[in-house]
Every structure is written in structure tokens, then in C-alpha cells.
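So the structure is just underneath, and the comments pick up after that.
The values are calculated or read from the model by the stated rules, or taken from the named source; none is laboratory data. Because the structure is predicted, anything quoted here is derived from the model rather than measured. Virtual Cβ from ideal backbone geometry, glycine too; neighbours counted across all protein chains shown.
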Amino acid sequence: MLWVAGVLSAILLGVAGVGAWVYQDLDGNIHAADLDDKLGEGRPANLSPGSKNILLVGSDTRAGGNAKYGKGLTTMQSDTLMVLHIAADRKWATAVSFPRDSWVRIPVCDKGDGSTSTAHRFKINEAFAIGGSTGKVADAAACTIRTVERNTGLRIDHFMSIDFQGFKGMVNALQGIEVCPKTAIHDTKAHLDLRAGCQTVKDEKALGYVRARYSVGDGSDLGRIGRQQEFMQALGEKARSKLTSPSSLYGFLQSATKSLTTDRDLAGIKPLYGLASQVKGIPSDRLAFLTVPNYPREADAPTDKANVVWQYPQAADLFTALARDHEVSKEQLRSRAKDLVYASAVRVRVLNGTGIGGRAAAVAEQLRGLGFTVVATGNAPSPVRTTAVRHPRELARQAAVLASRLPGVSAKQDDTTAGGAVTLLVGPDLQPDAVR
């Protein structure tokens with residue numbers, strides 16, 4: 001989308017007459033979502049001034065022409081969710097995809113009808129549906145931003161959303177995109193019937209290809225994320241090489257802008273062009289497409305066979321690196337993700353050091369909900385000022401997993417602690433609902 005804005009502006013800003021009319025036409029297509037008064041207090045601090053975090057949503061709202069894609073669905077949905085981090089020096093960028101089945105804490109959100117939702121844990125894509133319960137993209141975006149910020153610690157600077165119809169229109173304007181599935185795909189939910197081997201897809205087949213899930217691979221959202229990332233890279237490359245005629249470019253951009261909603265600061269060709277101009281020099285080998293490290297939630301909650309949980313401390317380390325504007329490569333992330341420790345494998349002793357009755361039990365309840373094995377609760381020998389995680393030498397990896405779920409808390413080796421479990425000393429700085 002940034003490249004689209006850049007190409008459009010480079011052509012149209014220098015063309016008089018009909019060019020100016022076309023510019024105004026496309027500029028007026030872009031919808032603005034006013035988010036300023038919807039995000040509330042307590043947002044993450046901006047730790048790297050100059051960098052930008054843009055929340056990108058592929059919306060499968062069932063309104064209008066999208067109605068046929070989800071029989072019985074009445075709420076707005078987010079089919080694809082990622083954060084694009086653009087470095088302050090504009091020399092690299094990273095796009096991080098969030099599996100839509102990620103089990104996270106969804107904060108209190110304005111539902112758009114004067115009521116609010118309660119904080120709870122569920123799939124991350126529910127946030128878009130909660131905020132968009134009345135069909136307003138601004139409310140859907142606000143709840144999604146609050147959820148992403150709450151679970152990652154990343155400050156979101158901008159928001160962009162595009163729906164099914166816009167996606168299909170862009171693909172069709174390019175006369176389709178070549179895909180090469182290794183096996184045939186037959187997916188009734190995605191309206192897709194595709195043979196094996198390389199072929200060009202457009203319209204319904206293109207949309208079905210990036211939406212197909214249950215009939216491909218292991219049926220998880222992770223395979224679909226990979227296909228989506230590859231498809232969008234191919235779309236961008238073909239657009240750069242094929243959109244040389246004004247008519248083709250206009251059709252492509254009409255589809256893109258009509259289905260595009262951004263925050264108010266980005267809602268226009270000129271602001272999008274300004275952002276595109278800043279990132280156009282990033283080389284392809286410095287643009288990384290990553291997926292948050294995760295594993296099946298079934299490992300921590302045996303009855304849940306449908307969702308995934310983020311892998312800690314790796315997920316927290318990724319978010320912290322981006323918040324501080326540090327580059328993370330796919331190879332680095334893959335290497336770190338090999339050191340997998342399930343939350344259920346972490347045995348925790350929770351001790352209350354606040355002097356507030358019931359605090360250990362409240363924190364223990366949150367930890368059990370995340371799959372941790374709480375072996376005991378009680379009072380600390382003496383009050384503590386700040387929350388701390390203490391562990392014997394052999395439980396360093398387990399302690400790191402626990403500490404990374406507690407914002408601002410670090411783990412420290414203490415061989416005087418009882419063996420077999422990690423000790424969590426709860427201080428007055430830790431509220432039970434801050435456990436992520």
C-alpha cells in the first residue's frame with residue numbers, strides 16, 4: 001500500500017488537467033478512521049522516536065459485496081493481522097504477522113453502541129469484531145490497536161485496512177498472480193478448487209488461495225500466513241513491473257483506494273506518498289516477514305485444539321527489539337524459537353509480598369489461565385517493593401518464560417529457593433490483570 005501511494009503520487013502530482021482530476025478522485029476514495037479519542041490512557045511509550053509501527057488489517061467484513069463469504073456472520077472480522085515496523089533510519093523494515101487464532105488478553109473495549117466489553121482472553125481477531133459490532137471501522141480498529149498494544153508493548157502509530165473486494169480488484173488489474181501449490185486444493189469454505197502446479201489466479205481463486213486454511217497442510221492459520229506473505233510479495237513485484245500504462249494503473253489504484261481505510265493522519269494520497277518516500281529505498285533483503293513464535297495451546301490446555309499461544313520469552317524479546325528499533329532477522333528468530341518451553345512445564349510458587357490480602361491467589365489464577373503449573377501460594381517472608389522472579393540454577397529457562405509474561409520483571413538466580421519450582425514474589429507494582 002505504501003508503494004501504491006508512492007507510484008500514484010509520483011505520476012499524478014506532476015500531471016496537469018486530467019491528472020489532477022484523477023488524483024482528486026482516488027484521494028477521495030480513501031476512508032478516514034478517527035481514532036484519537038478511542039484509544040484511552042496507559043498506552044505503551046514510544047521507545048524509538050522516528051520509527052513507525054503500522055497496524056495492517058485484512059478485513060473480511062461481510063457487508064456489501066463481501067456478504068457471500070461468511071454465511072451467518074454479522075460482525076466485522078479481521079482475516080489477516082500484522083504490524084509493519086519501519087526503522088527510524090529507514091534502512092530496514094519488519095512485518096510481523098499475528099496468527100488470528102492467537103490466544104491473548106483482550107482489554108476492555110468500546111463496542112460502538114455506548115456499551116463496553118469486559119476484559120477476557122480469546123482469539124486475537126475477536127478484537128476487531130468486538131469494536132466493529134456496529135459496523136464502524138474506527139471502533140474495530142481502536143479495539144484491535146488496544147489489544148495489540150496490550151499484548152506486545154508496541155506503540156501503534158498508524159492503522160491501515162483493506163477488504164476482500166479491494167484485494168480482488170488489485171489482483172485482477174494485474175491480470176492475476178502466479179502461484180505454484182504442490183498439491184491440489186479443494187476448500188469449500190474458501191470457495192476454492194485449484195489443481196496442483198503453477199498457474200495464474202485472479203478474482204475468486206486469488207482470494208480463495210490466500211484464505212484457504214482447513215484443506216491445506218495441517219489446517220492451521222500458520223500455513224495460510226506463509227501463503228499470504230508470499231502472495232503479497234509477488235503482487236508487489238508484478239505491480240512494479242506491469243503497471244506502466246495509465247489505464248492499468250488507474251484500475252489497480254481504484255480498487256486499492258476504494259477498499260482502504262486508514263487513521264486520519266494517513267487518509268490521503270499525499271500523506272501516504274510522504275510515508276512511501278521515506279521507505280522506498282529499503283532493500284528487499286532488509287525487509288523481513290516474520291510470524292510471532294507460537295505453539296499449539298493444546299500443550300497447556302489439553303481441551304483446546306483450535307488455538308495457539310505465543311512462545312515466551314521469544315515473543316517478548318521480538319517485541320522488545322522492535323520497540324527499541326533493533327533489527328531481527330528470520331534466521332535469528334527461527335534459531336531462538338527452537339528453545340521451546342511450554343508454560344505447563346513451568347512450576348511456580350506464588351508468594352504475596354504486598355501485604356494486600358488475596359493478591360497471591362489472584363495472580364495464581366491468572367497464571368493457571370495461561371497454563372502455568374502453580375504448586376503453591378502463600379505470603380512472602382517479608383514485604384517486597386517490586387515484583388521479582390527467583391529460581392535455582394537448573395530452572396533458568398523456566399524462570400525466563402515466567403518473567404517474560406510479567407511486564408518489567410526480570411529473573412534472577414537464587415540457589416536458596418526451594419528446588420523444583422520457580423518462585424514469584426508479588427510486589428505492589430504487579431496488578432493481576434497485567435499478566436500477559
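Among the residues of region 160-173, is any buried (at least 19 other Cβ atoms within 10 Å of the Cβ) and part of a loop (DSSP other than H, G, I, E, B)? Looking for residues that are buried (at least 19 other Cβ atoms within 10 Å of the Cβ) and part of a loop (DSSP other than H, G, I, E, B), one finds none in region 160-173, hence no.
In a residue-by-residue description of region 346-362, the property of being surrounded by fewer than 22 Cβ atoms within 10 Å (Cβ to Cβ), among the charged types (D, E, K, R) and without any contact (Cβ under 8 Å) to a residue 24 or more places away in the chain applies to no position. For region 174-205, a residue qualifies if it is more than 26 Å from the chain's Cα centre (by Cα), in contact (Cβ under 8 Å) with a residue 40 or more places away in the chain and part of a strand (DSSP E or B), and exactly one does: E178. Looking only at residues in region 147-167 that are within 21 Å of K52 (Cβ to Cβ) and of a type in the set (D, E), the one that is nearest to the chain's Cα centre (by Cα) is E149. The residues on offer are A95, A119, and the sole one that is modelled with pLDDT of 90 or more and over 15 Å from I156 (Cβ atoms) is A119. Take M82 and decide whether it is assigned to a loop (DSSP other than H, G, I, E, B) and either at pLDDT 90 or above or surrounded by 20 or more Cβ atoms within 10 Å (Cβ to Cβ) (or both). Criteria not met by M82. Scanning region 126-150 for residues that are among the polar types (S, T, N, Q) and surrounded by 22 or more Cβ atoms within 10 Å (Cβ to Cβ), we see that the one that is nearest to P432 (Cα to Cα) is T147. Scanning region 108-125 for residues that are surrounded by fewer than 21 Cβ atoms within 10 Å (Cβ to Cβ) and either under 24 Å from L367 (Cβ atoms) or within 14 Å of the chain's Cα centre (by Cα) (or both) gives V108, S117, T118, A119, H120, R121, F122, K123.
Residues satisfying the criterion are absent from region 242-255 (criterion: within 23 Å of R150 (Cβ to Cβ) and either surrounded by 16 or more Cβ atoms within 10 Å (Cβ to Cβ) or at pLDDT below 95 (or both)). Quick check: is even one residue across region 134-146 more than 18 Å from the chain's Cα centre (by Cα) and within 24 Å of F98 (Cα to Cα)? Yes: region 134-146 contains one or more residues that are more than 18 Å from the chain's Cα centre (by Cα) and within 24 Å of F98 (Cα to Cα).
Summed over region 302-319, the residues that are part of a helix (DSSP H, G or I), touching a residue at least 60 places away in the same chain (Cβ under 8 Å) and more than 15 Å from the chain's Cα centre (by Cα) give a count of 1. Residues of region 359-406 that are assigned to a helix (DSSP H, G or I), of a type outside the set (G, A, S) and under 22 Å from T152 (Cα atoms): V363, E365, Q366, L367, R368, R397, Q398, V401, L402.
Go through region 259-282 residue by residue and tally those that are modelled with pLDDT of 85 or more and part of a helix (DSSP H, G or I). Within region 259-282, residues that are modelled with pLDDT of 85 or more and part of a helix (DSSP H, G or I) number 4. Pairs linking a residue in region 22-51 that is touching a residue at least 24 places away in the same chain (Cβ under 8 Å) to a residue that is of a type in the set (K, R), with Cβ atoms under 6 Å and 6 or more positions apart or on different chains, are N29/K258; A32/R264; D34/R264; P44/R155; N46/R155; L47/R324; S48/R324.
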